[in-house]
C-alpha cells in the first residue's frame, strides 16, 4: 500500500511535461512556418523586380536610337503623356512597378557607350506582415544595349 501512495500524481506530472514539450515544439513550428512564408514573399518580390527590369531592357533595345529619352531618376515623376514612344514606355513600366511591387519605382541611366543601368526599388513589410515599413529593397541591373 505504501508503494501505491508514493506513486500518486506521477502520471499527471508526466502528462504535464509531455504537454509542455509538445506545445513548445508547436510554437517553434509555427514560427518556422511564418519565417518561410516571409522569405517566400520576399523571393516573389525579387522575381517580379527581375521580370520588370528585363521588360524595360527589351523596350530599350526596341528603341535604342532614343536611349537618352529613357533616362529617369528614382524621385522623378512618372511621365503621364504619350508624346513619344519613350515616355509611353516609361509610363507603362512605372505603372507596372507600382502595381506589382509595394511602393515600387525605378530608375534608368545610360552612358555614351550604351551601357544602361536599371534600378528597381520597393518597400518591404516587417516580419509581422502588418504593412509596417521594414525598409526598402533595391536591385541594379546593367547591360549594354
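Here the contact order of the chain, divided by its residue count and restricted to Cα pairs under 8 Å and six or more residues apart, works out to 18 percent. Taking other Cβ atoms within 10 Å as a rough exposure proxy, 110, 116 sort from fewest to most as 110, 116. Computed from the C-alpha gyration tensor, the three semi-axes of the ellipsoid equivalent to region 10-144 are 48, 13, 10 Å, from longest to shortest. Comparing 12, 29, 60 in a Gaussian network model of the chain (Cα springs below 10 Å), the most mobile by mean-square fluctuation is 12. One decimal place: the segment residue 20-residue 103 gains 25.6 nm when fully extended, by the rule 0.36 nm per residue minus the C-alpha distance. Measure nothing fancy, just the Cα-based angle from helix 10-62's long axis to the longest principal axis of the chain, in degrees from 0 to 90, nearest 10. Around 10 degrees separate the two axes.
With n ≥ 4 as the cut-off for DSSP H runs, can you work out [θ] at 222 nm for the chain, using -39500 (n - 2.57) per run divided by the number of residues, rounded to the nearest 500? Don't jump to the answer; show the numbers that get you there.
Details: 3 runs with 74 residues, N = 145.
Roughly -18000 deg cm²/dmol at 222 nm, from the helical runs in the chain.
Laboratory data are not the source of any read-out in this text; all were calculated from the coordinates shown. As the structure is a computational prediction, the values presented were derived from the model and not from experiment. Cβ atoms come from the backbone with ideal geometry, glycine included; neighbour counts cover every protein chain shown.
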